[in-house]
Amino acid sequence: MQLYNLKHPSQKVSFTEAVKLGLGHDRGLFFPSEVPEVEDIAALLKLPFIKRSQEIVHLWLKDEIAHADSDMLVAKAFNFELPLNKVDDSRWCLELFHGPTLAFKDFGARFMAQCVNYLAGTEPLTILTATSGDTGAAVADAFYGLDKVQVVVLYPEGKISVLQEKMFTTLGGNIHTLAIAGDFDACQDLVKQAFEDADTRHGLRLNSANSINISRLLAQICYYFEAVAQFQAANPGMAPVISVPSGNFGNLTAGLLAKAMGLPVKRFVAATNSNDTVPRFLASGQWQVNQTQATMSNAMDVSDPSNWPRVVALSERMGWGDETLGGVALSETDTQDAMKQLLALGYQSEPHGAIAGTALAQSLAADEKGLFLGTAHPAKFKDVVDRELQVELPLPQALAVVAGKPVLSVRLQADFALLKEFLFAKLG
């Protein structure tokens, strides 16, 4: 698998190099030079999830990793269910929150951890990542206790839910967490500055576990195939419209890569909250990044999504236009209504999934059906769900065990000099 730097196409790397580097020169994203096409989609969709995922990953990595080894990586990473539940006559929800940290990020983080552990060799390395909520927990859980890896997670102080925070800030050991005085974009910028700084990048052997890392995208491609397989079991021969709750846009990028491989998806809907840079761009053609707003769907509080250049590059390569991707943004009031409307149908959702569900409903034509991604367990946003839906959610075991633990984070201003000082004092 060859990849190139979107900012500097002359920089070409293997999958192994891309996983280890995270980012290319000048903060450039790595992007595959070719997208493998599936020869027999119908046959692939008939396979069980794990077997199908192993075949998909092998298509991408067959030039670098032996089939048996890549099969092992997939089997160790994907060991939880992902049911497709019917919401009404035209909408289904693919629940991606049945992994250990109750969020879709478990797929990418666990697969990346397996890849890093497999490819790392004997040298220690540092995972540096930013989170707007669920990435931190998924990455921390996936890498916790690995001898060769130190993990540093940056998150916006006071801008993620208490239970989200508890899931990755209470572990200790090789997991180090920093509460940054700023929003997610400030956290992401600090990570990018660290990768640009040669002393930090080489001195600590930095790697990133954000959705900018190509290994995470490969993992996410797999559940789109599962979504369509389950959808077509209920709707034979129909290509669904898929609505994706979108923040940093790694999730949508994976879906588009799946479509490029041949997966029958009619089109995608980029569903956002009031941080609506992409829906506005799709409507007007003008890219304008506004100040990030804090919302109840905090994992999508991103105004300058890092993965967007990959969406543009793939769309240009495939010749896709407006028929492939649309955008819908919901206000806070719309989000409240979306949660209540789903509950009235007998389906309980947290804000992110509810936004995607309503965006799908607004986008479907009379003869269309589709699915939206449920990216987090409602209890991860217990305070919001309890308040808006007038319920008292019980805590799943994964949350109950951390709810009373102390937060171990260090508070830090959004200043790269301070971050660098901390990293070398702690890990250097």
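The values are calculated or read from the model by the stated rules, or taken from the named source; none is laboratory data. Treat the numbers as computed from the prediction; the structure is a model and nothing was measured. No Cβ is skipped: glycine too gets one built from the backbone with ideal geometry, and neighbour counts run over all protein chains shown. Calculation scope for accessible area: heavy atoms of the full protein, side chains included, ligands and nucleic acids excluded. Shrake-Rupley method; radii C 1.70, N 1.55, O 1.52, S 1.80 Å.
A few points about this structure:
- Filtered residues of region 216-249 (kept if of a type in the set (Gly, Ala, Ser) and crowded, with 24+ Cβ neighbours inside 10 Å): ALA219, ALA227, SER243, SER246, GLY247
- Search result, residues across region 279-295 that are aliphatic (A, V, I, L, M), modelled with pLDDT of 95 or more and not in a helix (DSSP H, G or I): VAL289
- Number of residues in region 307-346 that are part of a loop (DSSP other than H, G, I, E, B) and either touching a Gly at 6+ places or on another chain (Cβ under 8 Å) or farther than 21 Å from ASN273 by Cα (or both) equals 7.
- The test for being touching a residue at least 24 places away in the same chain (Cβ under 8 Å), open to solvent by 40 Å² or more (accessible area, probe 1.4 Å) and either closer than 24 Å to GLN232 by Cα or of a type in the set (Gly, Ala, Ser) (or both) does not hold for LYS51.
Condition check ((1) under 18 Å from SER215 (Cα atoms); (2) part of a helix (DSSP H, G or I); (3) not charged (D, E, K, R)) across all residues:
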{"site": "LEU44", "(1), (2), (3)": "no, yes, yes"}
{"site": "LEU47", "(1), (2), (3)": "no, no, yes"}
{"site": "LEU59", "(1), (2), (3)": "yes, yes, yes"}
{"site": "ILE65", "(1), (2), (3)": "yes, no, yes"}
{"site": "SER70", "(1), (2), (3)": "yes, yes, yes"}
{"site": "ALA75", "(1), (2), (3)": "yes, yes, yes"}
{"site": "ASP88", "(1), (2), (3)": "no, no, no"}
{"site": "TRP92", "(1), (2), (3)": "no, no, yes"}
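- The residues on offer are GLY247, GLY285, GLY262, and the sole one that is at positive phi and either in contact (Cβ under 8 Å) with a residue 24 or more places away in the chain or in contact with a strand residue (DSSP E or B) (Cβ under 9 Å, 6 or more places away or on another chain) (or both) is GLY262.
- All positions within region 217-273 that are of a type in the set (A, V, I, L, M), within 19 Å of ASN85 (Cβ to Cβ) and touching a Ser or Thr at 6+ places or on another chain (Cβ under 7 Å): VAL241, VAL269, ALA271
- For region 330-351, filtering for residues that are touching a helix residue (DSSP H, G or I) at 6+ places or on another chain (Cβ under 6 Å) and either surrounded by fewer than 20 Cβ atoms within 10 Å (Cβ to Cβ) or within 14 Å of PHE249 (Cβ to Cβ) (or both) leaves 3.
The rows are residues; the columns are (1) modelled with pLDDT of 95 or more; (2) within 20 Å of LEU125 (Cα to Cα); (3) in a strand (DSSP E or B); (4) not aromatic (Phe, Trp, Tyr).
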residue	(1), (2), (3), (4)
ALA140	no, yes, no, yes
ILE160	no, no, no, yes
LEU163	no, no, no, yes
LEU178	yes, yes, yes, yes
